[in-house]
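The values are calculated or read from the model by the stated rules, or taken from the named source; none is laboratory data. Just so you know, these numbers come straight off a predicted model, no measurement behind them. No Cβ is skipped: glycine too gets one built from the backbone with ideal geometry, and neighbour counts run over all protein chains shown. For accessibility, only protein heavy atoms count, side chains too; no ligands or nucleic acids. Shrake-Rupley method; radii C 1.70, N 1.55, O 1.52, S 1.80 Å.
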Amino acid sequence: MDYSTYLKEYPDKDGRFGKFGGAYLPPQLVPAMQEINDAYLTICQSSQFINELRRIRREFQGRPTPIYHCERLSRKLGKAQIYLKREDLNHTGAHKLNHCMGEGLLAKFMGKKRIIAETGAGQHGVALATAAAFFGLDCTIYMGEVDVAKQAPNVARMKVLGTKVVSVSRGQKTLKEAVDAAFEDYMENYKDTIYCIGSAVGPHPFPMMVRDFQMVVGYEARTQFTEMMGHLPDVVTACVGGGSNSIGMFLPFVADSAVEIVGVEPLGRGTDVGDHAASMTYGSEGVMHGFDSIMLKDSKGEPAPVYSIASGLDYPSVGPEHAFLNALGRVKYETASDKEAVDAFFKLSRYEGIIPALESSHALAYAMRRAKEMDHGSILVNLSGRGDKDLDYVIEKYGYGDDFKDFD
Ligand SMILES: *Cc1c(COP(=O)(O)O)cnc(C)c1O
C-alpha cells in the first residue's frame with residue numbers, strides 16, 4: 001500500500017474506509033447529511049474558512065501546543081526517551097476543542113443557528129458549549145440524569161457558557177438515552193441545527209470532518225519534533241476512545257513508514273465482557289450509531305456494556321478509519337488497564353509536574369511499558385488532556401499516590 005496518496009483516497013465519496021464507515025441513516029436524515037457533506041467539501045477549500053480557523057486556533061485556543069521531553073521520567077525507565085504533545089494546554093484542557101471549533105465554524109458558514117450534542121462525562125458538552133459561546137450559536141446538550149448528578153462541575157460550566165443542558169430521565173438515564181434524545185431533537189430540527197458528534201465516529205461525513213479538524217495535532221507535532229530532534233520519532237502513540245485525538249495524531253505520520261504507530265485502548269478491570277472497552281482488541285465487525293466498524297457486541301448483537309476508569313474511553317465501538325488502519329496493519333492496537341493508567345497518572349504528576357487526564361494516562365502507560373523494552377529511540381505520546389477533572393475521583397479511590405510513586 002502506498003500511503004503517500006492515502007489522504008486523497010480515504011474516505012471514498014460514500015464515506016468508506018475500505019469496507020468500514022459509510023452512513024446508515026433514517027431516510028429523513030439522508031439529505032441533511034448530504035448537505036453537511038457538500039457544504040464541508042466546499043467550505044474547507046475556501047481561504048476565508050481556512051484563515052478564520054487558523055486565527056481561532058492561534059488566538060483563542062492557544063495553538064500550537066508545545067512538545068515536551070520527559071527527561072526525568074525517561075531516565076527512570078531506561079534509554080528510550082518519552083516526548084509529549086501537550087494537548088492538555090489547549091484551551092479548555094483537551095483536544096476536543098479542535099473539532100468543536102471546526103464544527104462551530106462550519107455551522108456558522110452554513111448559516112445554521114443552533115448546535116446540539118449528547119455528552120456522557122460532560123467533556124464534549126463543555127467543548128461544544130465553548131464553541132457555541134464563541135460563535136454566538138444556540139446550544140443544547142443532552143445528558144442522562146445520572147451523569148448530570150455525577151458531573152456537576154461540567155454541568156455548571158456549560159450553563160455559565162450559556163448552553164441549555166437537558167437532563168434525560170428515561171431508561172438507564174445515562175449516555176445511551178442522551179444519544180436517543182439528541183437524535184430525536186435533530187430529526188425535528190435539522191433545517192437550522194447541526195448535531196455535532198464528539199469523536200471520529202458516526203455517519204459520514206463526521207469521521208472525516210473530525211479527523212481533518214484534529215490533524216492539526218499531528219501536523220504540528222511532526223514539524224515540532226523534527227525541528228527539535230532532526231529526525232522523526234520511532235513510535236507515535238495515543239489513547240483510543242472513539243478515536244479523535246489518536247486519528248489526528250496518527251495520520252500526519254501515516255506515510256512515514258519507519259514510524260511505528262500504536263493506538264491504546266482501555267483494558268479496564270480485565271478481559272471479561274463489561275470490564276473493559278477495548279473494542280478493536282476484542283470486538284468484531286458490525287454497524288451501530290450510523291457507521292460500520294469494529295465493535296463490542298452482546299449475544300443479541302447489540303452494543304455490549306463497557307467500562308473504563310476513564311469515562312472518555314468507554315465507548316463500545318471505534319472510529320471506522322481505525323478499523324481500516326488496523327486491517328491494513330499500518331496501526332497496531334494495544335491495551336492498558338485501569339491500574340497501569342493510574343500508575344502513569346501519578347508518575348507523570350510526580351516526576352514531571354504534569355497531571356494528565358486518565359484517558360491520556362493510558363497512552364502514557366503504554367509508552368512507559370514500551371520505553372523499558374527499548375534500548376534507544378523515542379516515543380511521542382499525544383497527551384490528549386489535563387487531569388484536573390479526574391482528581392477528586394482518583395484521590396477518593398487511590399489517595400495521593402503513595403503506593404505508586406516508586407519504580408519497580
Ligand atoms: C474524550 C477524551 C478522549 C477520548 O476521545 P477520542 O475521541 O478517542 O480522542 C481522550 N482524552 C481526553 C482528554 C478526552 O477528553
Got a number for residues in segment 207-241 being more than 26 Å from A129 (Cα to Cα), of a type outside the set (S, T, Y), open to solvent by 20 Å² or more (accessible area, probe 1.4 Å) and assigned to a helix (DSSP H, G or I)? 5
Going by the structure shown, is T130 hydroxyl-bearing (S, T, Y), part of a helix (DSSP H, G or I) and at pLDDT 95 or above? yes
If we ask which residues in segment 282-306 are touching a strand residue (DSSP E or B) at 6+ places or on another chain (Cβ under 8 Å), open to solvent by 60 Å² or more (accessible area, probe 1.4 Å) and not in a strand (DSSP E or B), their number turns out to be 1
All positions within segment 62-88 that are in a helix (DSSP H, G or I) and buried (at least 19 other Cβ atoms within 10 Å of the Cβ): L73, S74, L77, E87, D88
Members of segment 149-170 found to be away from the ligand (no atom under 16 Å from the Cβ), open to solvent by 60 Å² or more (accessible area, probe 1.4 Å) and either touching a residue at least 60 places away in the same chain (Cβ under 8 Å) or outside any helix (DSSP H, G or I) (or both), listed by number: L161, G162, K164, S169, R170
Would you please name the residue that is farthest from the ligand (Cβ to nearest atom), looking only at residues in segment 192-206 that are among the β-branched types (V, I, T) and open to solvent by less than 10 Å² (accessible area, probe 1.4 Å)? T193
Looking at segment 317-326 only, could you name the residues that are crowded, with 21+ Cβ neighbours inside 10 Å and either of a type in the set (S, T, Y) or within 15 Å of the ligand (Cβ to nearest atom) (or both)? S317, V318, G319, P320, E321, H322, A323, L325
Would you confirm, using the coordinates I've provided, whether G241 is within 21 Å of V342 (Cβ to Cβ) and at pLDDT 95 or above? yes
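Tell me yes or no: at least one residue of segment 221-228 is of a type outside the set (D, E, K, R) and near the ligand (Cβ under 10 Å from one of its atoms).
Scanning segment 221-228, I find no residue that is of a type outside the set (D, E, K, R) and near the ligand (Cβ under 10 Å from one of its atoms), so the answer is no.
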Scanning segment 39-61 for residues that are surrounded by fewer than 12 Cβ atoms within 10 Å (Cβ to Cβ) and not hydroxyl-bearing (S, T, Y), which turns out nearest to M249 (Cα to Cα)? R58
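Is it the case that some residue within segment 44-53 is within 16 Å of the ligand (Cβ to nearest atom), under 26 Å from A132 (Cα atoms) and of a type outside the set (G, A, S)?
no
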Pairs needed: first member in segment 350-379, of a type in the set (K, R); second member anywhere, open to solvent by 30 Å² or more (accessible area, probe 1.4 Å) and part of a helix (DSSP H, G or I); C-beta distance under 9 Å; at least 6 residues apart or different chains. R369/E340
